[in-house]
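The values are calculated or read from the model by the stated rules, or taken from the named source; none is laboratory data. Since this is a predicted model, take the numbers as computed values, not measurements. SASA here: full protein model, heavy atoms, side chains in, ligands and nucleic acids out. Shrake-Rupley method; radii C 1.70, N 1.55, O 1.52, S 1.80 Å.
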Amino acid sequence: MSGRCRFRDLGFAIGRLPPGPGNAITDVPGVRVGHTTIITGEGALVEGKGPVRTGVTAVLPPDPIFEDRVLAGAFVLNGAGEVSGLTQVVEWGLMETPILLTNTMSVGKVSDATVKWMTKRYPGIGTEYDVIIPLVGECDDSWLNDAVGRHVRSEHVYKAIDQATTGPVAEGSVGAGTGLITCDFKAGIGTSSRSVPAERGHYTLGVLVQSNFGVMRALQVAGVAVGHALAQEFAAMDKRVRNAGSIICVVATDAPLL
């Protein structure tokens, strides 16, 4: 990531409201983000061995996660990216686990690891208290990753959760974004925030995105049809890459929710 800059560093801005201090989801008080990035191997795909380009991203609400559950909801628009545990959130309006993002074939392993992490931290789960259903979202990274090998392990999940912090959030080819493609270009994890002026309540809204969708001609930036402008330059790009894909957006706010 050395030498890379963010969109605003180039003098561009999207929207009317100002960003938070870090222009990240962690600008919302108490929200933390952690990544585990798994990169091994080179060359042609050998199922079960690699190359591996995948990972885990954890988004944590303020502590204590289980004992002081936050209000939550969900919205699906033409959605293909699955989120296990989402039905409970929609029905209850509450969230009681971290949000984990990973690749499609690793959802079960990440959910299992999250259960182990939660029950170790909150021993009464399943006996004194209700059982839990972790929130695990996915995108398909099989264009760049040995998805069938399912290289995500429990320790990768623990690391992403335990190392989650406030402050700057690593973006791009990190964590669950390591093997993702958007509009035929390399993509990954992105984040941003906006501050609502004090006269409206002085709240913060932050987002974190796992992006893995679209074709080049659909790429727009701030309303500009960038994909069309780049199409001729990248005409020789491998036309087999047609990533219909999906996208998952995690939204956090300290504004009151009813």
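What to note about this one:
- The Cα atoms of the range 78-195 define a convex hull whose projected area, averaged across directions, is 9.2 nm².
- Extent along the principal axes, Cα only, for the chain: 61, 54, 35 Å, with the longest axis given first.
- Percent RCO, i.e. relative contact order, over the chain, from Cα pairs under 8 Å lying at least 6 residues apart: 25
- Percentage relative contact order, the range 120-258, counting C-alpha pairs under 8 Å, at least six apart: 22
- In Hz, Karplus ³J(HN,Hα) per residue of the range 207-224 (6.51, -1.76, 1.60; θ = phi - 60°; x = Gly, Pro): 9, 10, 10, 9, 10, 7, 8, x, 10, 4, 5, 8, 6, 10, 10, 6, x, 8
- Dimensions of the range 1-148 along the principal axes, based on C-alpha atoms and rounded to the nearest Å, stand at 49, 47, 31, largest first.
- Carbon + sulfur, % of accessible area of the range 53-195 - ligands and nucleic acids excluded, 1.4 Å: 55
- Computed [θ] at 222 nm, deg cm²/dmol, the chain (DSSP H ≥ 4; -39,500 (n - 2.57); rounded to nearest 500): -4000 deg cm²/dmol
- Cα Rg over Rh - the range 131-232, Kirkwood: 1.05
- Calculated accessible area for the chain comes out at 54 Å² per residue, all protein chains present (probe 1.4 Å; ligands, DNA, RNA ignored).
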